[in-house]
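**Student:** Structure in structure tokens, see below.
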Protein chains: 2
Amino acid sequence: MTDTPLFEHAVVVGIGLIGSSMAHAMRERGLARKITGCDADDAVRARAQEIGIVDAVSADIKKAAKGADLIIIATPVQAAADMIRDIAGASDPGTLIVDVGSVKGAFAGKARALQTHAHIVPCHPVAGTEQSGPDSGFASLFENRWCIVTPLERDAPGYRAAIDKAIALWKAVGAQVEVMDAGHHDIALAITSHLPHLLAFTLVGAADDLETVTQSEIIKYSAGGFRDFTRIAASDPTMWRDVFLTNKDAVLEVLGRFTEELAVLQRAIRWADADTLEDVFSRGRNIRRAIIQSGQETDAPNFGRDKENR
Amino acid sequence: MTDTPLFEHAVVVGIGLIGSSMAHAMRERGLARKITGCDADDAVRARAQEIGIVDAVSADIKKAAKGADLIIIATPVQAAADMIRDIAGASDPGTLIVDVGSVKGAFAGKARALQTHAHIVPCHPVAGTEQSGPDSGFASLFENRWCIVTPLERDAPGYRAAIDKAIALWKAVGAQVEVMDAGHHDIALAITSHLPHLLAFTLVGAADDLETVTQSEIIKYSAGGFRDFTRIAASDPTMWRDVFLTNKDAVLEVLGRFTEELAVLQRAIRWADADTLEDVFSRGRNIRRAIIQSGQETDAPNFGRDKENR
């Protein structure tokens, strides 16, 4: 606990995985004197109070926004874009408003158009698990993960300081910060996050529809590789629906590249082109080694999931 | 250690992940009085002796096969098919020969055609990690995993007893056993293992070829989902080349189903069909829950890989 917290009154809107993790992290590190949790769902607000990660709850974001110096919008992307006008309008001048959405272009476009004295700094902490809801959060979620900040082009007095304060917030919860424009964010995340999720959802759907292999067999033999895909395929459907609806162009672009590469491998299988197969298959080890060395992944075999068996 | 081991002299051909794990497991559980390790690679044989998982090593499989009552062929699929004639020819009458390959049709076809007094029982333990080589094995690899046994149609005297002995071997190293025909195995594994690997290899290849996103960015933001795919994409390239060359028809069949489903989702993204997206995305949680309940997967978020951070 620092003597002077970074923020006097933080409001977290949407108490799911990211919102509750931010509340945990801010509380553990003493980053806000008071935390209010906003959520449209009565049960979620009650649960947040039970867990004790917020000092107060509210169902009324406009009321809650007044008097806050930090507002974190941690809802699915579409909901964030829908509520940013109301939240910015109700906020005090100079309030820092960040979102945490996985797509930045759509939100930034909406935010840029607003006449507001609050400072909106779009952010995306690249961190998460496959779980959802107020019980899924934990304080260390952002540690050693990257948070991408995509500032609006905005000359408003104090906006530069607001960006710095947003960066300070993410560093204070343990993240490393990168600043880039929203368009580049959206293509980078399309390949590193959105396309992997799309493939995982698609594989699960395709497996579900096979008549020749039973679901019981898919479950039994999932240790052959399938189970890995089910982790991200278990992610929140609403959140991911919004990601694909709001990052359409970038996703279709990287999906096109993927299907080209897949066609090459399909042809190599059909024509028994061993060299092409081995060439592509040989690339995987290098990139995994680099990801492990960067601290973004465990070096334990099987993600360490079988540790208890060893 | 049981008083009477299941086998007097076991020969493990190919001391990689599966071969060394079998040696560890048989040794730990006292399943063979003597274990000989065969490998074409001098360094691998030397390393196997250093680790102490074999009693003897040999570079000559024909010589090693004589006097063995169990031979485990744990090489890539193509190599196993190439050497089965020599091994069976050199074996004593009644010797049990199992392989561990991820594709069963090709090996079974080759084995069925052989005139031999040895008993060849094709097997596939659905277990592994992304690592390779004699140091990657461990005794508990097969615990609670499934091993699929695909007996040859063969009326030879003693063959039924050999199947039972193969089943006893897998149960003794901790696996559950399912018996089915080779063709059904190959389609079941195409969807649960081969296609997931193909998608992972393809994604890594496509990411590698993007000009707009740097490799450094892919590494940094890999926690968004990409890193999950790199685990199986780091698997042994030769082994996987052989899988796709020998299970062509089943892989192309399930790949066709996958690309159909992917086209549906691509269209849903292009036309902002929120309902279709949410419908498909909602299937993931159920299958993951079933896999966790079956004991084939950990219930820890993020595979428990971040456990040290919690």
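**Student:** How far is helix B:159-172 tilted off the main Cα axis of chain B, in degrees rounded to 10, range 0 to 90?
**Tutor:** The helix B:159-172 is inclined about 60 degrees to chain B.
**Student:** How high is the relative contact order of chain A? Use alpha-carbon pairs under 8 Å, at least six apart in sequence, and give a whole percent.
**Tutor:** Contact order relative to length: 15 percent.
**Student:** What does the helix-only formula give at 222 nm for chain A: each DSSP H stretch with n ≥ 4 adding -39500 (n - 2.57), the total divided by the residues, and the result rounded to the nearest 500 deg cm²/dmol?
**Tutor:** Only helices count here, giving -14500 deg cm²/dmol.
**Student:** If the cut-off is a Cα-Cα distance under 21 Å, which lysines reach B:Lys34, setting aside same-chain residues fewer than 8 apart in sequence?
**Tutor:** Cα-Cα hits under 21 Å: B:Lys62, B:Lys63, B:Lys66, B:Lys165, B:Lys171.
**Student:** Can you give the % of DSSP beta bridges in the protein assembly as shown that are antiparallel, to the nearest 5?
**Tutor:** The antiparallel fraction comes to roughly 15 percent.
**Student:** Let me ask something else about it. Roughly how many Å² is the accessible area per residue of segment B:131-177, as a whole number, for a 1.4 Å probe?
**Tutor:** Accessible area per residue: 40 Å².
**Student:** Between the helical axis of B:248-270 and the dominant principal axis of chain B, each derived from Cα atoms, what acute angle in degrees is found, rounded to the nearest 10?
**Tutor:** 10
**Student:** Starting from the Kirkwood Rh over alpha-carbon pairs, what translational D in µm² s⁻¹ does the protein assembly as shown have by Stokes-Einstein at 25 °C and 0.890 mPa s?
**Tutor:** 94
**Student:** Using protein heavy atoms only (no ligands, DNA or RNA), what is the total accessible area buried between A and B, 1.4 Å probe, nearest 100 Å²?
**Tutor:** Separately minus together, A and B give about 10500 Å² buried.
**Student:** Still on this structure, please answer the following. Expressed as an acute angle from 0 to 90° and rounded to the nearest 10, what is the orientation of the C-alpha long axis of helix A:17-28 relative to the principal long axis of chain A?
**Tutor:** Roughly 50 degrees between the two axes.
**Student:** Next question, about the same structure. Placing +1 at every Lys and Arg Cβ and -1 at every Asp and Glu Cβ, with all other atoms neutral, what dipole size does segment B:1-71 have around its Cα centre, in debye to the nearest 20?
**Tutor:** 100
**Student:** Hey, if you put +1 on the Cβ of every Lys and Arg and -1 on every Asp and Glu Cβ in segment A:50-116, which of A:Ser102, A:Pro76, A:Thr116 ends up farthest toward the positive end of that dipole?
**Tutor:** About the Cα centre, the residue reaching furthest to the positive side is A:Thr116.
**Student:** Show the residues, 5+ positions off or on another chain, whose built amide H is closer than 5 Å to the amide H of B:Val126.
**Tutor:** Sorted by chain and number, the residues that satisfy this are B:Trp146, B:Cys147, B:Ile148.
**Student:** Can you list the lysines whose alpha carbon is less than 25 Å from that of A:Lys248, not counting same-chain residues fewer than 8 positions off?
**Tutor:** Output for A:Lys248: A:Lys104, A:Lys110, B:Lys220.
**Student:** Pop out the ³J(HN,Hα) list for segment A:203-209 in order, Karplus 6.51 cos²θ - 1.76 cosθ + 1.60 with θ = phi - 60°, rounded to Hz; leave Gly and Pro as x.
**Tutor:** 4, 4, x, 5, 5, 4, 8
**Student:** Follow-up. Express the carbon and sulfur contribution to the solvent-accessible surface of segment A:211-310 as a percent, rounded to the nearest whole number, probe 1.4 angstrom.
**Tutor:** After summing per-atom areas, the C and S share lands at 46 percent.
**Student:** Could you give the dipole magnitude of segment A:135-283 about its Cα centre, charging the beta-carbon of Lys and Arg +1 and that of Asp and Glu -1, in debye to the nearest 20?
**Tutor:** Its charge dipole is roughly 380 debye.
**Student:** Suppose we compare each residue of segment B:265-280 in its chain alone and in the full protein complex with a 1.4 Å probe; which ones drop by at least 40 Å² of accessible area?
**Tutor:** Buried by the other chains: B:Gln266, B:Ile269, B:Arg270, B:Glu278.
The values are calculated or read from the model by the stated rules, or taken from the named source; none is laboratory data. Because the structure is predicted, anything quoted here is derived from the model rather than measured. Cβ coordinates were reconstructed from backbone atoms using ideal geometry, including for glycine residues, and neighbour counts include every protein chain displayed. Areas reflect the complete protein model, heavy atoms only, side chains present, ligands, DNA and RNA absent. Shrake-Rupley method; radii C 1.70, N 1.55, O 1.52, S 1.80 Å.
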